[in-house]
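> Got a structure here, written out as structure tokens. Questions coming.
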Amino acid sequence: MPYYVRFVLLLLCLVVIGECRKHKSRKKRWSAPAETHKPGTPLSKKVADGTKSRKVKTSHLLRIDEHDFTMRPAFAGPAVPVGVDVQVESLDSISEVDMDFTMTLYLRHYWKDERLAFPSSTNKSMTFDGRLVKKIWVPDVFFVHSKRSFIHDTTTDNIMLRVFPDGHVLYSLRVTVTAACNMDFSRFPLDSQTCTLELESYAYTDEDLMLYWKSGDESLSTDDRISLSQFLIQKFHTTSRLAFYSSTGWYNRLYINFTLRRHIFFFLLQTYFPATLMVMLSWVSFWIDRRAVPARVSLGITTVLTMSTIITGVNASMPRVSYIKAVDIYLWVSFVFVFLSVLEYAAVNYLTTVRDGKDRKLREKVREQSQTLPCTCGMSHARTMMLDGTYSEADANSLAGYTRASMAAEDASEKQERMVVHLSLDNEPTGTKKKGIRGFRIIQNTHAIDTYSRMIFPGAYILFNLIYWCVYC
């Protein structure tokens, strides 16, 4: 054999031997044995994942295809006990206008369905999401008197299903519900409201499904951080009873009751204090001169219009109920006080006008009588006659320089005015007193109504406030 042929064969043999060695080293690397524990290093035991070791479908494990889950557990047998517990996450809003409330809660159901039992050596439960709920039987609980409700779906449907090996099932979902609340506003805003959220099975009567609170009053838990701007949450409690429908029968119904007490401070600042200040402002007109017509009229109209605005603003945020509320009583009584202060000035102005006319006539008569008096020449000091409200014949007889004939000339109607005639004498430098008549001044007391109003109006309003706050607080 030639020399070069032997050389080529030798190269081929070397190449084949090299490839064989590479293949063996690759095989050892991929099939290397597990690392042994070295002394001094921590142990980390890893639990084997059965879903990776065995390819078993949920439908096969729970035998969903072997049963008809359109029927309830123990169909045609005793009622299925379904326990319920609720965790209130938040109380979002209370609406007086719509008379409803909005609540977010976790609703959990507990029952046993032997059709879902599965073998397990560790006795551990399996947890699923909402996709399995559509394949099995779940209680058809709904919210009675609810206006709107929905299951949260961010980022997926907030539904959890947990199945235990013995067939016990936990079904939990996160729900926001808006339900009606019958409110009584007869004591508003000094009121307390009790609202109720009701749960009931829609299709199954008490003969098929027994709905109950799983742990009594402890079945309802709340977050301590729940708070409302206008209300103080006093207590949550649970009750249960049977509800009857004439066409379908008796149903188990569960109640979540909570009592709310309204904060009064907001309404004191926004309603009661402004109304009280307007009433007190209307009393200022009693100290203003009765002849200052623009000042008193403008003050009265301003207070009346302000009270009307306050009443309108309060009623705009309230439902149109057919009964009287506590705030209506306070506002309308305050409005009446303000309106009466305007009427008081109208009465004062009218009486002032009437008396001014009578005074004008009286002055003319006095002027005519003064012309018939004897001459008082030589008297250095004159006497001044003041007609000030009440008058009697005894006072008239005591006047020097008057005759009985001149006083008898007055009409009987003028005596009815009971004007007091008062004589004031000036002392002479020598100490001797000379009597004479200088003239008349007529002063009529038209401030009597204002004087009485300064006491009657505040006293009556204070008495009203005492009665009001004692009754409603």
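The values are calculated or read from the model by the stated rules, or taken from the named source; none is laboratory data. These figures come from a predicted structure and were not determined experimentally. Note: ideal-geometry Cβ built from the backbone for every residue, glycine included; neighbour counts use all protein chains shown. Surface accessibility is based on the protein's heavy atoms, side chains included, excluding ligands, DNA and RNA. Shrake-Rupley method; radii C 1.70, N 1.55, O 1.52, S 1.80 Å.
> Roughly how many nanometres apart are two label points built 7 Å out from the Cα toward the Cβ at A76 and R187?
Reported label-point gap for A76 and R187 is 5.6 nm.
> Ok, one more. Of V177, Q87, S120, which is farthest on the positive side of the dipole of the stretch 73-182, counting Cα position, with +1 on Lys and Arg Cβ, -1 on Asp and Glu Cβ, and the Cα centre as origin?
Towards the positive end, the residue furthest out is S120.
> Roughly what would the spin-label model give for L305 and L466, points 7 Å off Cα along C-beta, in nm?
It works out to 3.6 nm between the two label points.
> For the stretch 300-305, take each phi angle, set θ = phi - 60°, evaluate the Karplus expression 6.51 cos²θ - 1.76 cosθ + 1.60, and give the result in whole Hz per residue in order, putting x for glycine and proline.
Per residue, the Karplus-derived 3J(HN,Hα) values read x, 5, 4, 5, 5, 5 Hz.
> Radius of gyration and Dmax for the stretch 152-250's Cα atoms, expressed in Å?
17.8, 56
> Let me ask something else. If I model a spin label as a point 7 Å beyond the Cα along the Cα-Cβ vector, how far apart are those points for F69 and L351 in nm?
8.9 nm
> Tally Lys and Arg at +1 and Asp and Glu at -1 over the other residues with C-beta under 12 Å from the C-beta of Y251: what net charge comes out?
Once all neighbours under 12 Å are counted, the net charge is -4.
> Between F142 and R291, what is 0.36 nm times their sequence separation minus the Cα-Cα distance? Round to one decimal in nm.
46.4 nm
> Which ³J(HN,Hα) values, rounded to whole Hz and listed in residue order, are derived for the stretch 222-236 from phi using the Karplus coefficients 6.51, -1.76 and 1.60 in 6.51 cos²θ - 1.76 cosθ + 1.60 with θ = phi - 60°, glycine and proline given as x?
Each residue of the stretch 222-236 in turn: 10, 8, 5, 8, 5, 8, 10, 6, 9, 10, 10, 7, 7, 6, 10 Hz.
> Further question: Let me cross-check H237: its accessible surface, 1.4 Å probe, with only protein heavy atoms counted, in Å² to the nearest 10?
Counting only protein heavy atoms, the figure is 60 Å².
> Would you kindly state how much longer the chain becomes between L269 and I233 on full extension, computed as 0.36 nm times their sequence separation minus their alpha carbon distance, in nm to one decimal? Mind dumping the intermediate values first?
Details: separation 36, 0.36 × 36 = 12.96 nm, distance 2.17 nm.
This chain segment gains 10.8 nm when fully extended.
> Within the stretch 131-203, which chymotrypsin sites (Phe, Trp or Tyr not before Pro) sit in a loop by DSSP and count at most 15 neighbouring Cβ atoms inside 10 Å? Can you show the working numbers first?
Values: sites: W137, F142, F143, F150, Y171, F185, Y202; in loops: W137, F185, Y202.
Here the chymotrypsin sites (Phe, Trp or Tyr not before Pro) that fit, given the DSSP loop and packing criteria, are Y202.
> For W250, W287, what's the largest-to-smallest order of accessible area, 1.4 Å probe?
Sorted by accessible area, descending: W287, W250.
> Keeping all protein chains in the complex and leaving out DNA, RNA and ligands, what accessible area do you get for I462 with a 1.4 Å probe, in Å² to the nearest 10?
I462 has an accessible surface of roughly 100 Å² with all protein chains in place.
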